[in-house]
Amino acid sequence: MEQDRSRESPSREGASLPGERPSSALGQSFAQILHRLTSQESRRGKDKGAAIQDLSALIEAAECDQFFEGSGTSLRGMPEMLGQVAKALEKYAAPPKEQEGRGHGYSEVAEKAAAVGLLFLKLLGKIAAAKNSLVCPTWKTGLRDLAGTVYIFAVTHSLEQPWTNLGSRDVAGEVLALLLQVTEHGSVAGFLRGESEDEKGRFILIMELLKPDLNKESWKNNPATKHVFSWTLQQVTRPWLNQHLERILPPSLLISDDYQTENKILGVQCLHHIVLNVPAADLLQYNRAQVLYHALFNHLYMPEHQLTQAVLSCLLDLFPVLEKGLHWKGGAARATTHCDEVLQLILTHMEPEHRLLLRRTYARNLPVFVRRQVYEPQVWPHSSSLSPWCQVFSFLSRLGILTVRHLKRLERVIIGYLEVYDGPEEEARLKILETLKLLMQYAWPRVSCRLVVLLKALLKLICDVARDPNLTPEPVKSTLLEETTDCLILLDHCCQGQVKGLLVKILQSCEDAKVVDCMRKVQQGSKGTPCDGT
């Protein structure tokens, strides 16, 4: 019988061998329950449910000092046994693979999670009592083997996911709150990174516990693992995150490289958090920034608007890192940048695109590529204790006047998008008008030769909006007419007043009050330089 038991106990749970069990009666009872939880025979039976009930009664009946027996002398004391039981409970309540957990399977997970959560509340309550008692000075030792697993359980079942319901989320939230209280942390971020310089925090512990389930072969075995990793990662910010870069970058790249769009988006969000919270020097080291760029760039070929938005947001924050070491020497043409490459691909996709959601996504990000961004010097929090490369120095990013390289294609995209109705909010056309204004400000010497084409497109837009009977709300119409009028005024500045002369006949013959009002605003527009310091 003993041979059968030792053969049936999986090594992952770390069940104790007979000669290594704790000597106390409570330890023996926990070892028996651990065997029942990890036994292959009871995997599909009701024995695990009965083991949960027996464990609950055992925890209630035990005194707080009994949970920490053997922590200073025995290799297999009660604290380590508690850790093994906690791992078994967390695995018992873990959701199955996605293809196995649809329908009834996920409802069972929520029930199991609620039962396990109540157990963890009782166990943490005993540790809280030991913490306040002078009889149990070793309570921190017991918590060390328990905290990481309890945290993973709480995050797994507190997020709104298919395997959770309102009851399981409430219990998991209580478990997380009590864990923070027992560990004396005011927030999850403090629990992970440490509240002081002397405290290491438990981020490394959590990552080590997740590591076996975050490799290429195993990361889809538990659908919760990727969400726990992502949520935990985003709780730690600069300047604490860079020391964990080797642990967090490979899983983020792995998740983003999946064939499922939702996993791609989740991975890109993890990469974006890394870009925002890791120093540029660390990202440039070992060519990491280039690896990130190529991984993100390949996602732009996927026609998914949510993924495209996530990728473009990340790339726009990655460009300053990639371009930090680039310095233009006067007298030679400026080298093309990663921003040029991405904009060229976006414009290629924008021209034939007919899906409204993707059109809006592209148009929403187009002004950001054109607008010049100045990054001022700033120092990260607590940077006095860090090395000098943690400071971000002032430099220019985005294209600005360099958009002249893409002017022909930008012109075709702008005219094409202004002609198409975009729905009641008119987000795409408003963003295209914003792009046109920026383009005329930065590249105004190249605008006069495009006067006729741009003037026709803007006048047609004004007429379409003014005569639109019902489709567009009045506030949106007013905004569209105002933005188009501003573009006409800028166009007139770029062309030395030629627009005003061409609009005289329209004022004399047009009977539409809205169109006439726009023309008069253009005529009254003050002359000036379209852009300062381009």
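The residue of the stretch 343-368 that is nearest to Ile414 (Cα to Cα), among those that are among the charged types (D, E, K, R) and over 24 Å from the mean Cα position of the chain (by Cα), is Glu351. Here Ile346 fulfils each of the conditions (1) within 27 Å of Asn277 (Cβ to Cβ); (2) at pLDDT below 90 apart from (2).
Pairing residues of the stretch 47-63 that are farther than 15 Å from Gln28 by Cβ and open to solvent by less than 40 Å² (accessible area, probe 1.4 Å) with residues that are small (Gly, Ala, Ser) and assigned to a helix (DSSP H, G or I), at Cβ distances under 7 Å and at least 6 apart in sequence or on separate chains, gives Ile52/Ala115.
Could you grab me the full set of residues in the stretch 387-444 that are of a type in the set (Lys, Arg), closer than 21 Å to Asp317 by Cβ and at pLDDT 95 or above? Even if it seems obvious, please write down each step before you answer.
Start the filter on the stretch 387-444 by keeping residues that are of a type in the set (Lys, Arg), which leaves 398, 405, 408-409, 412, 429, 431, 437.
Within this subset, residues satisfying the condition of being closer than 21 Å to Asp317 by Cβ are 398, 431.
Passing the criteria: only Lys431.
The number of residues in the stretch 241-262 that are more than 15 Å from the chain's Cα centre (by Cα), open to solvent by less than 70 Å² (accessible area, probe 1.4 Å) and more than 20 Å from His299 (Cβ to Cβ) comes to 3. The residues of the stretch 81-138 that are buried (at least 19 other Cβ atoms within 10 Å of the Cβ), modelled with pLDDT of 85 or more and part of a loop (DSSP other than H, G, I, E, B), listed by number, are Ala93, Ala94, Pro95.
Table: residues versus (1) outside any loop (DSSP other than H, G, I, E, B); (2) within 38 Å of the chain's Cα centre (by Cα); (3) crowded, with 19+ Cβ neighbours inside 10 Å.
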{"residue": "Gly416", "(1), (2), (3)": "yes, yes, no"}
{"residue": "Tyr421", "(1), (2), (3)": "no, yes, no"}
{"residue": "Arg429", "(1), (2), (3)": "yes, yes, yes"}
{"residue": "Ile432", "(1), (2), (3)": "yes, yes, yes"}
{"residue": "Leu436", "(1), (2), (3)": "yes, yes, yes"}
{"residue": "Pro445", "(1), (2), (3)": "yes, no, no"}
{"residue": "Val453", "(1), (2), (3)": "yes, no, no"}
{"residue": "Ala457", "(1), (2), (3)": "yes, no, yes"}
{"residue": "Ile462", "(1), (2), (3)": "yes, no, yes"}
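With the structure loaded, tell me whether Leu480 is over 30 Å from Leu318 (Cβ atoms) and in a loop (DSSP other than H, G, I, E, B) or whether it fails that test. The answer is no for Leu480.
Regarding the stretch 9-16, can at least one residue be identified that is charged (D, E, K, R) and at pLDDT below 75?
Let us first name the residues in the stretch 9-16 that are charged (D, E, K, R), namely 12-13.
Next, only the ones that are at pLDDT below 75 stay: 12-13.
Among the residues of the stretch 9-16, at least one is charged (D, E, K, R) and at pLDDT below 75, which makes the answer yes.
Contact annotation: residue pairs with Cβ atoms under 9 Å, 6 or more positions apart or on different chains, pairing a residue in the stretch 328-345 that is within 19 Å of Asn298 (Cβ to Cβ) and open to solvent by 80 Å² or more (accessible area, probe 1.4 Å) with a partner that is part of a loop (DSSP other than H, G, I, E, B) and at pLDDT below 95, are Gln344/Thr336. Number of residues in the stretch 200-231 that are of a type in the set (S, T, N, Q) and under 15 Å from Glu90 (Cβ atoms) equals 3.
Residue selection: Ala295 fails the criterion of being in a helix (DSSP H, G or I), in contact with a helix residue (DSSP H, G or I) (Cβ under 8 Å, 6 or more places away or on another chain), at pLDDT below 95 and open to solvent by 20 Å² or more (accessible area, probe 1.4 Å). Selection of first residues in the stretch 161-181 that are more than 16 Å from Pro95 (Cα to Cα) and without any contact (Cβ under 8 Å) to a residue 24 or more places away in the chain and of second residues that are assigned to a helix (DSSP H, G or I) and open to solvent by 30 Å² or more (accessible area, probe 1.4 Å), restricted to Cβ pairs under 6 Å at least 6 apart or on distinct chains, gives the following pairs, ordered by first then second residue: Gly173/Ser158.
The values are calculated or read from the model by the stated rules, or taken from the named source; none is laboratory data. Bear in mind the structure is a predicted one, so any value in this text is a computation, not a measurement. Cβ sites come from the backbone with ideal geometry, for glycine too, and all protein chains shown count toward neighbours. Side chains included, ligands, DNA and RNA excluded: accessible areas come from the protein's heavy atoms. Shrake-Rupley method; radii C 1.70, N 1.55, O 1.52, S 1.80 Å.
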